[in-house]
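Structure first, then comments.
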Amino acid sequence: MAEIATAVQNKKTDKELYEYQQGAISQIFDKFETAPEDHHLLYQLPTGGGKTVIFSEMVRQYLKKHNKKVLVMTHRVELCRQTSEMLTGFGVTNKVVDSKADLDDQAEYSCYVAMVETLNNRLNDDKLDISDVGLVIIDEAHYNSFTKLFKFFEKSFILGVTATPLSSNKELPMKGNYDELIVGETIESLIENDFLARAEVFQYDMGLTSLEIGSNGDYTVKSSEDLYSSPAMLEKLLKAYEKHSKGKKTLIFNNGINTSINVYHTFNAAGLPIMHLDNTATKKQRAQILKWFKETPDAILTSVSILTTGFDEPTIDTIILNRATKSLTLYYQMIGRGSRILNNKSKFTVIDLGNNMYRFGPWGADLDWQTIFKSPNFYMDRIADDETIEGRFKHEMPDELREEFSKSEDVYFDIKQVYVDATSKGESSKVVLERSIEQHAKICIENSEDVYDALGLAKMLKDDIDQRIQTYAKCISRSTGNFIIWLKDDYKKKLNAYLRQNFDEVFEKIHGHPPLD
């Protein structure tokens with residue numbers, strides 16, 4: 001890594017490359033020299049590492065050495081424009097092949113930039129001559145829409161570039177379309193050498209078992225909107241923002257337009273500077289909103305996955321994942337929007353409200369991309385489901401409620417562990433709830449002057465009781481709705497009865513004297 005450290009000392013101009021980028025280009029060109037002309041090569045580099053810079057310099061060098069053309073494919077209009085501008089900056093004369101492009105002058109260009117659907121139409125209409133294209137570069141190569149075009153380039157060297165070499169479709173693994181993978185610098189090495197900012201993550205334990213999985217393998221918009229548009233979730237989001245990011249430039253990702261609109265109204269009602277953006281916005285509206293976001297220091301932008309690629313705003317301080325995803329690629333793309341360094345910015349905040357870090361591990365963890373590329377199903381099958389993730393949570397009282405029990409040293413009760421201990425001794429599972437009731441009663445009495453105070457505190461424990469009953473029901477494998485409702489009601493009755501019958505005795509044990517009359 002000494003090479004990278006040296007490169008940091010000599011900050012590049014617009015067209016200079018860092019040593020790790022030059023090294024990547026050398027590696028890839030080595031494959032040009034030794035692999036067949038129809039070789040399919042995949043290159044991985046984290047978001048923010050400069051993939052577009054690398055392949056733009058590759059195009060420049062390729063055109064100097066070969067009497068063939070280059071085609072760069074993207075999946076979005078914005079990426080087409082940005083890629084064309086970058087290539088022009090590297091001195092590459094290029095033509096954007098969009099639906100309005102005049103192709104009569106194509107002989108004048110050595111490089112084309114095209115969006116996949118437009119290119120597919122042009123090739124099927126025989127409007128574009130690709131007979132002399134020697135190199136095809138595919139940006140964001142994990143999207144499967146590109147593979148239908150491979151049949152047109154059976155004699156071309158294909159280079160796919162991506163931050164996450166894991167297909168967006170489990171049924172179409174990338175190893176089926178690419179012969180090998182070259183892995184670039186890790187996120188951690190880019191952070192250590194001041195190329196990316198470090199993420200400071202605030203993780204919230206979320207109950208997500210109500211979410212449903214769609215045909216694409218990710219959570220459905222409808223089930224996500226039902227959960228994340230609820231008043232309780234909107235309040236949780238607002239409180240998380242106020243606790244960790246108040247006054248910071250913040251980008252919020254949601255799964256669903258209705259959720260994002262509800263987020264907008266919630267923050268707006270709180271007097272916070274916020275705007276909403278989704279894919280129904282016009283080009284002009286989008287430009288105005290992004291300009292406002294760039295120029296407003298404490299701006300909050302709530303969006304619907306539209307800014308996961310092709311969006312670069314280094315002034316972002318906080319990323320909020322107000323959604324859950326099963327997509328490793330989307331997880332990395334969303335967080336990567338905050339990782340750009342700027343002046344003295346060395347870290348950024350991530351607030352995870354979707355158990356995403358529990359699912360995939362920390363952003364920047366040292367993933368074995370070669371193994372993921374070769375055995376994607378093995379990796380995907382090892383990702384924990386929501387029930388397993390939530391089974392590991394240690395339930396904690398909200399801060400406001402914990403203050404009501406401030407005289408208690410510990411308020412936590414591990415239902416699962418008590419169940420394991422009881423059943424290993426041959427005891428009935430019923431003793432678990434009996435001991436839980438005793439512990440709840442104890443903390444109520446510790447913080448009360450009389451039985452009426454204790455009964456009042458017991459009422460405040462509704463959510464804590466609900467969580468314990470849910471865990472208990474899973475332990476005994478009985479989770480029907482009516483049974484759980486009955487258990488909760490029975491628990492509350494028994495807790496109240498225990499307090500009335502035992503208040504004086506427990507109070508004296510705790511305080512060493514009977515309660516005052």
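All of the numbers you see were taken from the coordinates with simple rules; none came from a lab. These numbers come from a predicted model, not from an experiment. Cβ placement follows ideal geometry from the backbone for every residue including glycine, while neighbour counts extend to all protein chains displayed.
Structural remarks
- Across q = 0.15, 0.19, 0.20 Å⁻¹, region 358-517 modelled as identical point scatterers on its alpha-carbon atoms has Debye log10 I(q)/I(0) values of -0.88, -1.20, -1.28, in the order of the q list.
- Cα lying deepest toward the dipole's positive end in region 445-494, options L455, G481, I469, charges on Cβ: G481
- Å³ per residue enclosed by the Cα convex hull of region 77-189: 131
- Cross-link pairs K407/K509; K246/K345; K239/K347; K248/K283; K127/K151; K236/K347 - those with Cα-Cα distance over 19 Å: K239/K347; K248/K283; K236/K347
- By the count of neighbouring beta-carbon atoms within 10 Å, fewest first, S408, S375 end up ordered S375, S408.
- Counted by neighbouring Cβ atoms within 10 Å, the residues C475, C111 run from fewest to most as C475, C111.
- Whole-Å semi-axes of the ellipsoid equivalent to region 197-364 (Cα gyration tensor, √5λ, descending): 22, 18, 16
- Surrounding net charge for Y228, when Lys and Arg each add one and Asp and Glu each subtract one, Cβ distance under 15 Å: -4
- Rg(Cα)/(2.2 N^0.38 Å) for the chain, N = residue count: 1.21
- Proximity of backbone amide H atoms, modeled 1.01 Å from N, is registered between I252 and L301, T302, S303, I320 at under 5 Å, excluding neighbours fewer than 5 places apart on the same chain.
- Sorted by Cβ neighbour density within 10 Å, fewest at the top, the residues L328, L290: L290, L328
- Rounded to 5, the percent of DSSP beta bridges in the chain classed as antiparallel: 5
- Between the Cα long axis of helix 257-269 and the first principal axis of the chain there is an angle of about 60°, rounded to the nearest 10.
- Reach of K155 by Cα under 16 Å, taken over aspartates and glutamates that are not fewer than 8 positions away in the same chain: E33, E37, D38, D129, D132, D179
- For the peptides 201-212, 245-256, the ranking by mean Cβ contacts within 10 Å, running from highest to lowest, is 245-256, 201-212.
- The Cβ shell under 14 Å around A270 holds other residues with a net charge of +1, Lys and Arg each +1, Asp and Glu each -1.
- Phi-based couplings in Hz for region 348-360 (Karplus 6.51, -1.76, 1.60; Gly and Pro marked x): 9, 9, 10, 10, 9, 10, x, 6, 5, 5, 5, 6, 10
- Using the Cβ of S245 as centre and a radius below 15 Å, the other residues enclosed give a net charge of +4, where K and R count +1 and D and E count -1.
- Extent along principal axes [Cα atoms of region 2-190; Å; largest to smallest]: 51, 39, 33
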